[in-house]
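Below is one structure, written out as structure tokens; the observations come after it.
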Amino acid sequence: MDRQGQIINPSEDPHLPQEKVLKFYRSMTLLNTMDRILYESQRQGRISFYMTNYGEEGTHVGSAAALDSTDLVFGQYREAGVLMYRDYPLELFMAQCYGNMSDPGKGRQMPVHYGCKERHFVTISSPLATQIPQAVGAAYAAKRANANRIVICYFGEGAASEGDAHAGFNFAATLECPIIFFCRNNGYAISTPTYEQYRGDGIAARGPGYGIMSIRVDGNDVFAVYNATKEARRRAVAENQPFLIEAMTYRIGHHSTSDDSSAYRSVDEVNYWDKQDHPISRLRHYLVSHGWWDEDQEKTWRKQSRKMVMEAFAQAERKLKPNPNLLFSDVYQEMPAQLRKQQESLAQHLQTYGEHYPLDHFDK
Amino acid sequence: MNLFQAVTSALDNSLAKDPTAVIFGEDVAFGGVFRCTVGLRDKYGKDRVFNTPLCEQGIVGFGIGIAVTGATAIAEIQFADYIFPAFDQIVNEAAKYRYRSGDLFNCGSLTIRSPWGCVGHGGLYHSQCPEAFFAHCPGIKVVIPRSPFQAKGLLLSCIEDKNPCIFFEPKILYRAAVEQVPVEPYTIPLSQAEVIQEGSDITLVAWGTQVHVIREVALMAREKLGVSCEIIDLRTIIPWDVDTVCKSVIKTGRLLISHEAPLTGGFASEISSTVQEECFLNLEAPISRVCGYDTPFPHIFEPFYIPDKWKCYDALRKMINY
């Protein structure tokens, strides 16, 4: 698609059915709505931290749609749209951000560190690029299991500088793993622009150095992302080899709520991408020109999605946090004796000093 | 069997029993630089016993990924001295996988094996004992055997254990230690120290190769001083068996801990600190630690560096006379 949502080369039109394309659109916009509300909630002190996905929704949804639902996903932290596309409920996104007692992650991590076993989305961790060699190992195991399953591994162009990225690429190629490496090149690693991150031809150009077939796509064209991922998946399964997709996009939002990007880039630059090359706008143009969407539906959907998000948000806020005993479990599968002693000592401590702790917010 | 053969036997049992189990690392395919994986590739196939590129962070990261899918991953790091590039994957990832995901995901079926300890000529980078770095990391287990029989049972326990484990193999014992080892699988429990000799006057604690040193010291103590030593092989560094050690010190009143690794921040400091908390009133003398010096592991000076039986004996004598 071009920026007006017109297919440039008809032979590359994936001819997806209306329902599927509408699902793309709804996933991307619902994510956008959730991002706005949760970003605000951090500003208001309701959650401690948040990271938005503004501008990169196309990379998430286009790629997620091209996978099988059982393909294993290893992400970095800016791939919430993949979970959204896999129908992860708003309630659980919020539960993790609030660290409330509904959080399947048991409140252990900062916001946006989602994980979902049923949807095959491995829990996010903060250290960058660590997921890359792990994804390769998972792909190797999937190959051995003959499961007709691939692994997709997302990372940013900054994380691609880490040693773990080099390790992962090399292992995937030498050990012939059915994996898609998906690089979101969004222009910045916090404040570091790509010119200070690498001097070569981006991340796609590194692939051939490892013996990995690589492609660069317009990350804001959800159909291009879909096509590339679909073909990579087909071949990864058929040929047991890795593929590298570098999706060029732009991080419209700040790195996180701890960042004010006006300190290192101009508002004009951000507005350019927001107004001229946004994956959601481009898809909307496509939908409208096909008669699959209009102003009224847009208004209705905006209201409805906002309402859904606000409801989930209010509920998440009201819930208690998990019982403090959950501070101690899952370090090992079984609790070691010494740790149990520490757990007991906290319980005793709280009996005497409990008034100094926010126990009212926590589940008994 | 000698110790490396005991390791091979354990690996053979694992791959026979568990079709998901794979072994990988540098040079494991031809049998390994210490011959621990000899014959396994021919027996189980090249998709199950294979070389990886030369990259420890990759080896461990890759192993974590295999384990996340539920398959059994047995990774080899060629020397414990080279485990440090994988430190982030071990400490920040493997150890925390279950906890941070709220038990949605884990890499419990990962075991990392690595040759460990002084070997007579290893110098800085073929002699290290890095267990103390990992002792500080909740979520992993660290296990060190003293003999072939112990090695096979403990390694099989590590492989079966549902938590990521690091298994350090004393390389100096690979060929030197020989004993009867069952061919069939068996396990030795983790986090259980073993009292290998009972005594009444002083408790000696060590692990790996050093257990043999303190056994000699115990003989010397009995012959020269008439002192009765209780000898404990700690076996698992974390989570460690506090009860067995404390029970012993309550009985004897004296504790000497010895390890090759440098003194400061070495694991003896953790044992010492806990024992003085739990057994303060039972102690007849300060707890003694006989360890390597706070230097990198020297090459030509190894005979002076290591906490040998004379240094241990001397420390013991001082404790008895305190």
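Observations, loosely collected:
- When the GluC sites (Glu not before Pro) in the stretch A:260-364 are filtered for DSSP coil states and for at most 11 other beta-carbon atoms within 10 Å of their beta-carbon, no site remains.
- Sulfur and carbon atoms: percent of accessible area, chain B [1.4 Å]: 55
- Annotation: lysines with alpha-carbon distance below 18 angstrom to A:K299 (same-chain offsets under eight excluded): A:K23, A:K307.
- Counting DSSP beta bridges with both ends in the protein assembly as shown, the antiparallel % (nearest 5): 15
- Here the label points at A:K275 and B:I320, each 7 Å from Cα along the C-beta direction, are separated by 9.0 nm in the simple model.
- For the set A:K20/A:K321; A:K117/B:K141; B:K141/B:K171; A:K106/A:K341; B:K17/B:K247; A:K275/A:K319, the pairs lying more than 31 angstrom apart at their alpha carbons are A:K20/A:K321; B:K17/B:K247; A:K275/A:K319.
- Taking a ≥ b ≥ c as the square roots of the eigenvalues of the Cα gyration tensor, the stretch B:201-241 is oblate, since a/c reaches 1.5 or more and a/b is not larger than b/c.
- These residues, A:H290, A:H113, go from largest to smallest accessible area, 1.4 Å probe, as A:H290, A:H113.
- For the stretch A:224-326: rounded, prolate or oblate by the Cα gyration tensor [a/c cutoff 1.5]: rounded
- Rounded Å value of the spacing that divides the Cα centres of the stretch B:61-80 and the stretch B:117-156: 17
- Net lengthening on full extension, A:E231/A:E12 (0.36 nm per residue, minus Cα-Cα): 77.7 nm
- Qualifying trypsin sites (Lys or Arg not before Pro) in the stretch A:265-343, where qualification requires a DSSP coil assignment and no more than 15 other C-beta atoms within 10 Å, comprise A:R265.
- Extending 7 Å from Cα along the Cβ direction at B:S200 and again at B:D42 yields two label points whose distance is 5.6 nm.
- Helix A:131-144 vs. chain A, principal-axis angle (Cα, 0 to 90°, nearest 10): 80
- Separation of the stretch A:16-45 and the stretch A:84-120, taken as the distance between their Cα centroids, equals 16 angstrom.
- Restricting the stretch B:17-71 to chymotrypsin sites (Phe, Trp or Tyr not before Pro) that sit in a DSSP loop and have at most 13 other Cβ atoms within 10 Å of their own Cβ leaves B:F30.
- With R₀ fixed at 22 Å, the C-beta to C-beta distance from B:D294 to B:H121 puts the FRET efficiency at about 0.55.
- Rolling a 1.4 angstrom probe over the protein heavy atoms with all chains in place gives chain A an accessible area of 43 Å² per residue.
- With a simple spin-label model that places each label point 7 Å from the Cα along the Cα-to-Cβ direction, the separation between A:K307 and B:E223 comes to 9.1 nm.
- Here is the interface size for A with B: some 3500 Å² of accessible area buried, both sides summed, with a 1.4 Å probe.
- Cα-based helix-to-principal-axis angle, A:163-174 vs chain A, degrees rounded to 10: 60
- Of all DSSP beta bridges in chain B, antiparallel share, percent nearest 5: 15
- For the stretch B:13-123: rounded, prolate or oblate by the Cα gyration tensor [a/c cutoff 1.5]: oblate
- To the nearest ten degrees, helix B:3-17 and the longest principal axis of the Cα atoms of chain B are 40 degrees apart.
- Given chain B, longest segment not containing exposed loop GluC sites (Glu not before Pro) (DSSP; at most 14 other Cβ within 10 Å): B:1-178
- Amide N of the stretch A:322-355 lying under 16 Å from the label point, which is placed 7 angstrom from the Cα of A:S258 along Cα→Cβ: none
- Length released on extending from A:Q343 to A:R199, taking residue separation times 0.36 nm less the Cα-Cα span: 46.7 nm
- Around B:G32: net Lys/Arg minus Asp/Glu count, Cβ-Cβ under 12 Å: 0
- For the stretch A:254-276 versus the stretch B:198-256, the gap between their alpha-carbon centres in whole angstrom: 64
- 15 Å beta-carbon shell around A:P178, net charge (K/R +1, D/E -1): +1
- DSSP bridge pairs, chain A: antiparallel proportion in percent, nearest 5: 10
The values are calculated or read from the model by the stated rules, or taken from the named source; none is laboratory data. Just so you know, these numbers come straight off a predicted model, no measurement behind them. So basically every Cβ, Gly included, is an ideal-geometry build from the backbone, and we count neighbours across all protein chains shown. Keep in mind that these areas ignore ligands, DNA and RNA; they rest on the heavy atoms of the full protein, side chains included. Shrake-Rupley method; radii C 1.70, N 1.55, O 1.52, S 1.80 Å.
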